[in-house]
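After the structure tokens below, expect a handful of questions from me.
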Amino acid sequence: MKKLKTITTISAQGLVLLLLTTKLHAQDLDKQHVQNAVQSKEFVFKAQTVMPMSGGSRQLTTEYTVKFLGDSIISDLPYFGRAYSASYGSQDGGIHFTSTKFDYKAKAGKKGAWDIAVKPKDEKEIQEMNFTISENGSASLRVTNSNRQPISFYGYITKSK
């Protein structure tokens, strides 16, 4: 019983630390910086948690990002879930691509948030990437793929360098 109490206490402390860390990262940007980053298409989404359609959420210990550099997107995200088909000889299971041809639609959402829909035209498997970015920089991402189950990520945005 004492062991279970200790494990529960350690788990709760870890969760509080994770939430505080996410909040601190998200507060790096203020409302005006978030608006400028979204409108200029120059920011980096840093994923901290992944939530596949099947299975539970997972905390990411490695840095995974989607970089918006104005005229291009560089995606380096993991994938956990069911694939309906895979390329022959493919060993990369993540969501890795660079796109220079894409549709980018940003609209103001509720309570100062931004809803962004991105459709890469030169990446055939990714149908759409939907971001929701709050005014303090915390963000979520849902990726819809033609050959895999959808997957969601939670994290924050920073300024691109």
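The values are calculated or read from the model by the stated rules, or taken from the named source; none is laboratory data. Quick caveat, the model's predicted, so the values are computed rather than measured. Here Cβ is always computed from backbone atoms with ideal geometry, including for glycine, and neighbour counts include all displayed protein chains.
Inspect all residues belonging to segment 115-133 and state whether any of them is under 18 Å from the mean Cα position of the chain (by Cα), of a type in the set (S, T, N, Q) and closer than 20 Å to Thr49 by Cβ.
Yes, that holds for at least one residue.
Quick grid of which residues meet (1) part of a loop (DSSP other than H, G, I, E, B); (2) modelled with pLDDT under 95:
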| position | (1), (2) |
| --- | --- |
| Asp76 | no, no |
| Gly89 | yes, yes |
| Gly93 | yes, yes |
| Asp115 | no, no |
| Lys124 | yes, yes |
| Gln127 | no, yes |
| Thr132 | no, no |
| Ser152 | no, no |
| Gly155 | no, no |
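Here's a follow-up. If you go through segment 78-96 one residue at a time, do you hit one that is of a type in the set (D, E, K, R), free of Cβ contacts under 8 Å to residues at least 60 places away in the same chain and in contact with an Asp or Glu (Cβ under 9 Å, 6 or more places away or on another chain)?
no
Hey, can you tell me all the residues within segment 137-150 that are in a strand (DSSP E or B), surrounded by fewer than 16 Cβ atoms within 10 Å (Cβ to Cβ) and over 12 Å from the mean Cα position of the chain (by Cα)?
If the condition is that a residue be in a strand (DSSP E or B), surrounded by fewer than 16 Cβ atoms within 10 Å (Cβ to Cβ) and over 12 Å from the mean Cα position of the chain (by Cα), then Thr144 is the only one that fits.
Which one is nearest to Tyr64 (Cα to Cα) among residues in segment 123-133 that are touching a Pro at 6+ places or on another chain (Cβ under 9 Å) and surrounded by 17 or more Cβ atoms within 10 Å (Cβ to Cβ)?
Going through the qualifying residues, I end up with Met129.
Considering only segment 113-122, state which residues are surrounded by 13 or more Cβ atoms within 10 Å (Cβ to Cβ) and under 15 Å from Asp71 (Cα atoms).
Val118, Lys119, Pro120 - these are the residues of segment 113-122 that are surrounded by 13 or more Cβ atoms within 10 Å (Cβ to Cβ) and under 15 Å from Asp71 (Cα atoms).
Conditions (1) within 23 Å of Lys31 (Cβ to Cβ); (2) among the hydrophobic types (A, V, I, L, M, F, W, C); (3) buried (at least 17 other Cβ atoms within 10 Å of the Cβ), marked per residue:
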position	(1), (2), (3)
Met53	no, yes, no
Thr61	no, no, no
Asp71	no, no, no
Tyr79	no, no, yes
Lys111	yes, no, no
Glu135	yes, no, yes
Tyr156	yes, no, yes
